[in-house]
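**Student:** Have a look at the structure that comes next, please.
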Amino acid sequence: MAAKQTIMLLAEPAGLPDRIAGFLGEMGFTTRFCPFPHEALEFATQLSPAVVLADEFLLEQSDPLLPRRFHEHPLLRRLPFVILADQQNARPRVNPNDSAIHAIVPKVSNAMDLYNTVLRALKTEPKPTGTDGAFATPTLSETAPAEPVRRQLVPEPVSTNDTPQPVADITLARLMLHLARRHATGVLEIRKGPLGLRIGIEDGSVRQVVNLDQGGEAFGKLLMRNAIITPLEHRASLKRAEQSGVSQGEALVRMALLNQETMNEFVAQHKREMLGELCGTEQWLGGRYLWREGRRLKVDNEALSQSAMHVVRNGILRRLRPEWIVEAFRRRGAATEPMSLREGAREIFAELGLTREMIAAADGLEGQNAVGLFDRGTRSSNGHEALRLAFLLLIADALAV
């Protein structure tokens, strides 16, 4: 190849073996990550890649029809679309007979098979592997990895075209990091059944949180935990709120059970708790989200000013269940793979605001694996703390597996 050709990796770096990007880099390609399927068409239009390699798991979780939409796009219809499949599946998650799909290659495959698939997609001839048969074709696991490729964030606005996107296991954490790094401004709305949340973000920081579940009991339960109201007052205020069409806090003020200052204080605390649940629990899995670029929410007396980056950090480090984390590693076939810090990890430590103790713990993750950290955590709490930290760093692209 006379000039480097660009391959678009439609995948989350945390869910794709680093050796794939590293090997393709060694073979003369430039790789660019696009971790959000709803941005893929715009990303590809602006990038003009030679080939798209798409993670089958990510497509299934977000947009199984994306290959077809690429095929029907007037500027992208000739772009080869190759699926990186999960070998652990008995059946492929995508339709192998779909004419929009150029080829399907296992994620953990023979390195030259992947390389030759890319070359065939480019309609060029594969490199010879030797004339006397003395050179065995290397596997991806045998190929010396190049320096891990740091994800290049898309500078253009995030847009969902008013189409709600599904919430998979690390969707919201990834999205919040993305918005923080872009210093984005807009409104994020999340819904799951009767639950709903609207988050106003300005310049990458959360400024407002609105609970769309007006009939919910979370705020009243917070007040009961702090001995501000009794269970009887909680039930009475919920009924009053429903009858009057106001929030429970406003109903409590009208009933003279709470003064405005105390209500404002606990409303702000309630907002922080809801933010903690955003990335620190599985509450929103299976729901859908919508990001509206450039929109703003009205800021009230309980306005927040919390970096979206710190929302992710605090939620994962303080709340996320270790059992769920190790299962997330297993789903990606990485539960027993050794961990290593990526190039540029120190910069990400600073972004996340890690303490000296956390940085020392991060250095200790070299060579560890998720199962080992989880097992260690059953004997002492520091194992689970290390597992949470590893998961955070993986999502933030500071850790490779």
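Since every read-out is calculated from the coordinates, none of them should be taken as a lab result. Remember, predicted model here, so these are calculated numbers, not experimental data. Quick reminder, even Gly has a Cβ in these numbers, built from the backbone with ideal geometry, and neighbours come from all protein chains shown.
**Student:** If R₀ is 25 angstrom, what is the calculated FRET efficiency for the pair residue 283 and residue 375, using the beta carbon separation as r and rounding to 0.05? All intermediate terms of the calculation are to be shown ahead of the outcome.
**Tutor:** Working: r = 27 Å, r/R0 = 1.07.
For residue 283 and residue 375, the calculated efficiency is 0.40.
**Student:** Right, next: If R₀ is 25 angstrom, what is the calculated FRET efficiency for the pair residue 366 and residue 272, using the beta carbon separation as r and rounding to 0.05?
**Tutor:** 0.15
**Student:** Continuing with this model, one more query. Gain in length, residue 122 to residue 227, computed as 0.36 nm per residue apart minus the alpha-carbon separation, to one decimal in nm? Before the final figure, lay out the partial values.
**Tutor:** Working: separation 105, 0.36 × 105 = 37.80 nm, distance 6.74 nm.
Stretched out fully, the residue 122 to residue 227 stretch lengthens by 31.1 nm.
**Student:** Just grab the label-to-label distance for residue 69 and residue 343, each label 7 Å out from Cα along the Cβ direction, in nm (one decimal).
**Tutor:** Going from the residue 69 label point to the residue 343 one covers 3.3 nm.
**Student:** How many angstrom separate the Cα center of the range 226-243 from the Cα center of the range 253-319?
**Tutor:** The two parts, judged by their Cα centres, are 21 Å apart.
**Student:** Which of the trypsin sites (Lys or Arg not before Pro) found in the range 208-313 are loop residues per DSSP with 10 or fewer other Cβ atoms within 10 Å of their Cβ? Intermediate values should be presented prior to the final figure.
**Tutor:** Working: sites: 221, 225, 235, 239, 240, 254, 271, 272, 288, 292, 295, 296, 298, 313; in loops: 295, 296, 298.
Answer by residue number: 298.
**Student:** Explain nothing, just the number: relative contact order of the range 210-276, from Cα pairs under 8 Å at least 6 residues apart, as a whole percent.
**Tutor:** On the way: 44 pairs, mean separation 20.1, N = 67.
Computed value for the range 210-276: 30 percent relative contact order.
**Student:** Quick one: order 324, 284, 291 by neighbouring beta-carbon count within 10 Å, fewest to most.
**Tutor:** 324, 284, 291
**Student:** What is the range 321-400's relative contact order, in percent, from Cα pairs under 8 angstrom and six or more apart in sequence?
**Tutor:** Numbers: 89 pairs, mean separation 33.6, N = 80.
It comes to 42 percent, rounded to a whole number.
**Student:** What relative contact order, as a whole-number percentage, does the range 176-322 give when Cα pairs under 8 Å and 6 or more residues apart are counted?
**Tutor:** Working: 230 pairs, mean separation 51.3, N = 147.
Once normalised by length, the contact order is 35 percent.
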